[in-house]
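The values are calculated or read from the model by the stated rules, or taken from the named source; none is laboratory data. Keep in mind that what you see is a predicted model, and the values were worked out from it rather than measured. Note: ideal-geometry Cβ built from the backbone for every residue, glycine included; neighbour counts use all protein chains shown.
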Amino acid sequence: MNRVLVLICLFCVLELSAQKAKVVILMAEDCPVSLSQSVELNALENEFADRIDFNYLFPISADYEAVTAFMDRAGLHGTWSIEGAFERAKELKATTMPEALLFSRSGQLTYQGRIDNSFSKIGQRNRGERIRDLQLAMQRTLDDPGTFLLRTQAVGCLLPLQKIEESNK
């Protein structure tokens, strides 16, 4: 009996270790900040794709061809979705594109906010020291999967409030 329990527990540990952390990134193919941030996202995919799943949501798009062209132009390789993306963004309480939400292997939200501090507001680039917020959060999530939540203010194109209000009806 004890050997069976040990084997079951070992299997559970192996299954948990095989599961990756996940980042969900809201994007808009016609938002200049989304395109600009794709350079950093591409670097993050190259650094973390073996340990973190990259999922891109396009909550205000209905054009598969435009999103496919955007992903190709941006050089992003994660999975992406249009269908149900707005509802998922609403569930996650996300409001900006791009906005990143990072989940640990156990599914706990560990980070929500900007990709980095490249922009202080739309159309205005920061000129100071670059802070790679999402990269730092990813490393921390992988190194210490304990309970913590970091938040930063995402800068980019806002989800249209009218669409949010219509979906509440």
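One table, with the values for the structure above:
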read-out	value
Matching residues, the stretch 78-93, being closer than 16 Å to K22 by Cα and either part of a loop (DSSP other than H, G, I, E, B) or in contact with a His (Cβ under 8 Å, 6 or more places away or on another chain) (or both)	G78, L92
Hey, L76 of a type outside the set (S, T, N, Q) and within 12 Å of the chain's Cα centre (by Cα) or not	no
Single unsatisfied condition, I25 versus (1) in a helix (DSSP H, G or I); (2) at pLDDT 95 or above	(1)
The listed residue being of a type outside the set (G, A, S) and touching an Asp or Glu at 6+ places or on another chain (Cβ under 7 Å), out of I115, I82, I122	I115
Which numbered condition S36 fails, given (1) out of contact with any Ser or Thr (no Cβ under 8 Å at 6 or more places or on another chain); (2) surrounded by 14 or more Cβ atoms within 10 Å (Cβ to Cβ); (3) modelled with pLDDT under 95	(1)
Test: residue in the stretch 113-129 that is in contact with a Ser or Thr (Cβ under 6 Å, 6 or more places away or on another chain), part of a strand (DSSP E or B) and in contact (Cβ under 8 Å) with a residue 24 or more places away in the chain	yes
Subset of the stretch 109-133 that is modelled with pLDDT of 90 or more and among the basic types (K, R) - its residue that is nearest to the chain's Cα centre (by Cα)	R114
Positions within the stretch 55-97 being without any contact (Cβ under 8 Å) to a residue 24 or more places away in the chain and either crowded, with 21+ Cβ neighbours inside 10 Å or within 21 Å of D116 (Cα to Cα) (or both), in sequence order	M71, K93
Verdict on L142 being closer than 22 Å to L35 by Cα and either without any contact (Cβ under 8 Å) to a residue 40 or more places away in the chain or not in a loop (DSSP other than H, G, I, E, B) (or both)	no
